[in-house]
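Q: Before I ask anything, here is the structure I am working with.
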Amino acid sequence: MANGPILTIDGPRVDIDGIAAVNPSELEQKLVVKRELWHQVNPFHRRQYHTVRVVAARSEALQEIWPWLEGARHAGFDQIAVVYRVEPSALVHTATAGVLTRIRYCDAIWRGSALPGKTWNDLAAAAVTMR
């Protein structure tokens, strides 16, 4: 499973980690801030924070999604993880933060630079399942 923010595209509504984004440039700004914060909190972490996980309807047209993916790329998120299943959430009890909800995703990485079809389903089919 990839680490990174979750971009949810549901028709005209687009959210990044549950916060609405009005257009791709606003998404880019929000992702730049998230990336900088991640590096501040994890200064010695060797893995790069460069994957955005995308949730979209399989029938969603790629031409509608592509500007959002480009906004993510401009913010430094050069890998797209296609979320193809969301596992049931679980409650995790921690000593310091109390009870947290953990949501698990199954995703696959797509590293292409050109559209592999016409719908999100076509892109999902071109993605490589993560192990």
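The values are calculated or read from the model by the stated rules, or taken from the named source; none is laboratory data. These numbers come from a predicted model, not from an experiment. Cβ sites come from the backbone with ideal geometry, for glycine too, and all protein chains shown count toward neighbours.
Q: Filter region 37-63 for residues that are part of a helix (DSSP H, G or I) and more than 16 Å from the chain's Cα centre (by Cα); which is nearest to THR119 (Cα to Cα)? Please lay out each step first, then the result.
A: The initial filter retains those residues of region 37-63 that are part of a helix (DSSP H, G or I), namely 37-41, 62-63.
Then drop every residue that is not more than 16 Å from the chain's Cα centre (by Cα), which leaves 37, 39-41, 63.
Values: LEU37: 33, HIS39: 34, GLN40: 37, VAL41: 37, GLN63: 8 Å.
Only one residue fits best here, namely GLN63.
Q: Cβ-Cβ below 9 Å, separation at least six or inter-chain, first residue in region 21-33 and assigned to a helix (DSSP H, G or I), second aromatic (Phe, Trp, Tyr) and crowded, with 20+ Cβ neighbours inside 10 Å: which pairs?
A: Going by the 9 Å Cβ cut-off, the qualifying pairs are PRO24/TRP68; LEU27/TRP68; LEU31/PHE77.
Q: Considering region 4-20 alone, what residues qualify as being in a strand (DSSP E or B) and free of Cβ contacts under 8 Å to residues at least 12 places away in the same chain? Steps first, please.
A: If we filter region 4-20 for residues that are in a strand (DSSP E or B), which is where we start, we get 6-10, 13-16, 19-20.
Matches in region 4-20: ARG13, ASP15, ILE19, ALA20.
Q: Continuing with the same structure: Being surrounded by fewer than 16 Cβ atoms within 10 Å (Cβ to Cβ), assigned to a strand (DSSP E or B), of a type in the set (A, V, I, L, M) and modelled with pLDDT of 85 or more is the requirement here; does VAL92 meet it? Show your work before the answer.
A: Details: surrounded by fewer than 16 Cβ atoms within 10 Å (Cβ to Cβ): yes; assigned to a strand (DSSP E or B): yes; of a type in the set (A, V, I, L, M): yes; modelled with pLDDT of 85 or more: no.
Against the criterion (surrounded by fewer than 16 Cβ atoms within 10 Å (Cβ to Cβ), assigned to a strand (DSSP E or B), of a type in the set (A, V, I, L, M) and modelled with pLDDT of 85 or more), VAL92 does not qualify.
Q: Out of all the residues in region 33-59, which are at pLDDT 85 or above and among the polar types (S, T, N, Q)?
A: Those that are at pLDDT 85 or above and among the polar types (S, T, N, Q): GLN40, THR51, SER59.
Q: Here's another thing I want to ask about it. If I ask for residues that are in a loop (DSSP other than H, G, I, E, B) and touching a helix residue (DSSP H, G or I) at 6+ places or on another chain (Cβ under 8 Å), which ones from region 64-79 would you list?
A: At the first step, the residues of region 64-79 found to be in a loop (DSSP other than H, G, I, E, B) are 75-78.
ALA75, GLY76, PHE77 - these are the residues of region 64-79 that are in a loop (DSSP other than H, G, I, E, B) and touching a helix residue (DSSP H, G or I) at 6+ places or on another chain (Cβ under 8 Å).
Q: Scan region 20-32 and tell me whether some residue there is at pLDDT below 90 and either exposed (fewer than 12 other Cβ atoms within 10 Å of the Cβ) or touching a Lys or Arg at 6+ places or on another chain (Cβ under 6 Å) (or both).
A: Of region 20-32, the ones at pLDDT below 90 are none.
No, the conditions are met nowhere in region 20-32.
Q: Residues in region 42-77 that are in contact with a Ser or Thr (Cβ under 7 Å, 6 or more places away or on another chain) and of a type in the set (Ser, Thr, Tyr): how many? So that I can check it myself, show each step before the final result.
A: Narrowing region 42-77 to residues in contact with a Ser or Thr (Cβ under 7 Å, 6 or more places away or on another chain): 55, 58-62, 71, 77.
When the remaining residues are screened for being of a type in the set (Ser, Thr, Tyr), the result is 59.
Selection size over region 42-77: 1.
Q: Search region 111-131 for residues that are surrounded by 12 or more Cβ atoms within 10 Å (Cβ to Cβ) and pair each with any residue that is in a loop (DSSP other than H, G, I, E, B) and at pLDDT 80 or above when their beta-carbon atoms are under 6 Å apart and the residues are at least 6 apart or on different chains.
A: Here the result reads THR119/SER59; TRP120/ARG58; TRP120/GLU60; ASN121/ARG58, each pair linking region 111-131 to a residue that is in a loop (DSSP other than H, G, I, E, B) and at pLDDT 80 or above.
Q: Mind listing whichever residues of region 98-110 are modelled with pLDDT under 80 and surrounded by fewer than 10 Cβ atoms within 10 Å (Cβ to Cβ)?
A: Result: THR101, ARG102.
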